[in-house]
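To start, the structure itself, in structure tokens.
The values are calculated or read from the model by the stated rules, or taken from the named source; none is laboratory data. Just so it is clear, the structure is predicted and the values come from calculations on it, not from any experiment. No Cβ is skipped: glycine too gets one built from the backbone with ideal geometry, and neighbour counts run over all protein chains shown. Areas reflect the complete protein model, heavy atoms only, side chains present, ligands, DNA and RNA absent. Shrake-Rupley method; radii C 1.70, N 1.55, O 1.52, S 1.80 Å.
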Amino acid sequence: MPFLALFLLCFIAPIVYAVHQSLHRTERTGPLGLGGQEREVFAGLANYTHALADDRFLTGFGRVLLFGVVQIPLMIALATVLALLLESASARGVTFFRSAFFLPYGVPGVIASILWGFLYVPGISPLVEIARSLGLHVDFLARDTVLWSIANIVVWQFTGYNMLVLISQLKAVPDELYEAARIDGANAWHIARHIKIPLIRPALVLTTVFSIIGTLQLFAEPMVLRPLAATIDSGFTPNLHAYSEAFVSNNQHVAAAEAVLLALVACVLSFGFLRLVGQRGNGSDR
């Protein structure tokens, strides 16, 4: 009962309230709507229609989808390589490197974005100065590169977390499997490819689903970098657009509709990925 109460209060209630807000609008009285009274009236799907008709909101969706298509496979692949290297029989300094790779995850997203912001701004960034000394012109905050600069922050911050999830799955693999493989003549590459990677498949699926949801919720990094990059506007990501609608335009009902749409897209993509992986798994089993 205590768990159920907390679940209803902290999870179900906010969802119900967001859906309720998305189906209503605020009606104000007086000349030009500047009267002292206001009330909520049922609006049906008008807020959803308004959100879907906003080009910036839809462009933000396309941007985060492109972001996810590139960033998620790169991050999961890097986390897998690090996990395999740290769990190899010849690995040295495992505790130190595991802590070092996980450390960025302990840095809040806002602080991480501020730190990397200093590394992106010309005149301050040592990276830009090094590139100039090599005869290269690099602008990390330009229109064509700022999305990938944000992707770099996300990869830096969350690769270590995903690595630990994969390592925990690897530790559950019985050592007898590795010994049997070595007796049969398998080298480290064969063991990694044919034993370790197939057996950590559930962890790979889990981290990928979490990454899909996190990508659609992209907010802190573009919000912090926005004063540094003129190309980041209020519609850069769907989450940033919903925030602007609620707290800048004072239109919380449209913001609630956008939040519900964002949650629906996250559910569709997550369950679609799980279904796709499940079908492939069943096919390989047969």
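The table below gives the values:
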quantity: Every residue from region 241-269 that is open to solvent by 70 Å² or more (accessible area, probe 1.4 Å) and of a type in the set (A, V, I, L, M, F, W, C); calculated: 247, 248, 264, 268
quantity: Condition met for residue 221 (charged (D, E, K, R), open to solvent by less than 20 Å² (accessible area, probe 1.4 Å) and in a helix (DSSP H, G or I)); calculated: yes
quantity: Tally, over region 179-192, of residues that are under 23 Å from residue 79 (Cα atoms), surrounded by 13 or more Cβ atoms within 10 Å (Cβ to Cβ) and free of Cβ contacts under 8 Å to residues at least 60 places away in the same chain; calculated: 2
quantity: Residue, surrounded by the fewest Cβ atoms within 10 Å (Cβ to Cβ), within region 80-101, restricted to residues that are among the aliphatic types (A, V, I, L, M) and either without any contact (Cβ under 8 Å) to a residue 24 or more places away in the chain or over 11 Å from residue 170 (Cβ atoms) (or both); calculated: 89
quantity: Selection status of residue 132, in a helix (DSSP H, G or I), open to solvent by 30 Å² or more (accessible area, probe 1.4 Å) and farther than 30 Å from residue 173 by Cα; calculated: yes
quantity: Members of region 131-178 found to be of a type in the set (Lys, Arg) and in contact (Cβ under 8 Å) with a residue 24 or more places away in the chain, listed by number; calculated: 143, 171
quantity: Only listed residue being under 28 Å from residue 208 (Cβ atoms) and outside any helix (DSSP H, G or I), chosen from 83, 91, 100, 79; calculated: 91
quantity: Options 140, 210; residue that is open to solvent by 10 Å² or more (accessible area, probe 1.4 Å), closer than 30 Å to residue 56 by Cβ and in a helix (DSSP H, G or I); calculated: 210
quantity: Residue in region 51-67 that is within 24 Å of residue 177 (Cα to Cα) and either part of a helix (DSSP H, G or I) or of a type in the set (Ser, Thr, Tyr) (or both) present; calculated: no
quantity: Hey, residue 227 outside any helix (DSSP H, G or I) and at pLDDT 90 or above or not; calculated: yes
quantity: Residue in region 50-68 that is out of contact with any His (no Cβ under 6 Å at 6 or more places or on another chain), among the polar types (S, T, N, Q), farther than 23 Å from residue 203 by Cβ and without any contact (Cβ under 8 Å) to a residue 24 or more places away in the chain present; calculated: no
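Each row is one residue, and each column tells you yes or no for (1) open to solvent by less than 70 Å² (accessible area, probe 1.4 Å); (2) at pLDDT 90 or above; (3) of a type outside the set (Gly, Ala, Ser).
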| site | (1), (2), (3) |
| --- | --- |
| 103 | no, yes, yes |
| 111 | no, yes, yes |
| 119 | yes, yes, yes |
| 151 | yes, yes, no |
| 161 | yes, yes, yes |
